[in-house]
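Written below as structure tokens is the structure these notes are about.
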Amino acid sequence: MDSMYWLIILAVLLLIEIITLGLTTIWFAGGSLVAFFLSLFVDNAILEIAVCLIVSFLLLFFTRPVAKKYFNKQRVKTNIDLLIGKDAKVIEVIDNLNATGWVMLNGQEWMARAVDDDAVIPVGERVTVRKVSGVKLIVDIKEEI
């Protein structure tokens, strides 16, 4: 009868993995599969649970880094924080005192303000995004190396 329980656990874990696609339960499904095969030959629930947990954590420890590296490799990140550190070009003078300033970044126009309130950054200047505040990019003049 233990074998049936392991199959049910395996099916539930696989179903959760299919629904979430987050590489969260697949490792425990592998442990459940090994415990299922063990339960066909041994009738010791404690041993089966121990083997399930050991195999699950070994799979998690040794295969998760590899799977994360290759799983959804082409997913495009859309987080606004990815703009931090990127370079942009000033298309309208950035002047915090007069509340003006626009930059072009990745083909899109963004409202921009300078990190230093006293700075006035002219059109054509290259700037670096230091942070994002609402819909505004907070920029600083790009340092030349």
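Remarks
- Counted residues, region 79-96 - those being out of contact with any Gly (no Cβ under 8 Å at 6 or more places or on another chain) and charged (D, E, K, R): 3
- Criterion (touching a helix residue (DSSP H, G or I) at 6+ places or on another chain (Cβ under 6 Å), open to solvent by 40 Å² or more (accessible area, probe 1.4 Å) and in a helix (DSSP H, G or I)) met by exactly one of Ile16, Ile9: Ile9
- Reported count of residues in region 77-129, each being in a strand (DSSP E or B) and open to solvent by 20 Å² or more (accessible area, probe 1.4 Å), is 16.
- Cβ pairs under 7 Å, 6+ apart, first in region 36-63 and open to solvent by 70 Å² or more (accessible area, probe 1.4 Å), second part of a helix (DSSP H, G or I): Leu40/Ser3; Asp43/Asp2; Leu53/Gly31
- Boolean, Phe28 is without any contact (Cβ under 8 Å) to a residue 60 or more places away in the chain and open to solvent by 70 Å² or more (accessible area, probe 1.4 Å): no
- Tally of residues being farther than 15 Å from Val93 by Cα and surrounded by 14 or more Cβ atoms within 10 Å (Cβ to Cβ) across region 132-141: 1
- Test: residue in region 25-38 that is among the β-branched types (Val, Ile, Thr), under 23 Å from Pro65 (Cβ atoms) and at pLDDT 90 or above: yes
The values are calculated or read from the model by the stated rules, or taken from the named source; none is laboratory data. Because the structure is a prediction, the values reported are computed rather than measured. Cβ coordinates were reconstructed from backbone atoms using ideal geometry, including for glycine residues, and neighbour counts include every protein chain displayed. For the accessible areas, the whole protein counts, side chains as well, though only heavy atoms, and no ligand, DNA or RNA atoms are used. Shrake-Rupley method; radii C 1.70, N 1.55, O 1.52, S 1.80 Å.
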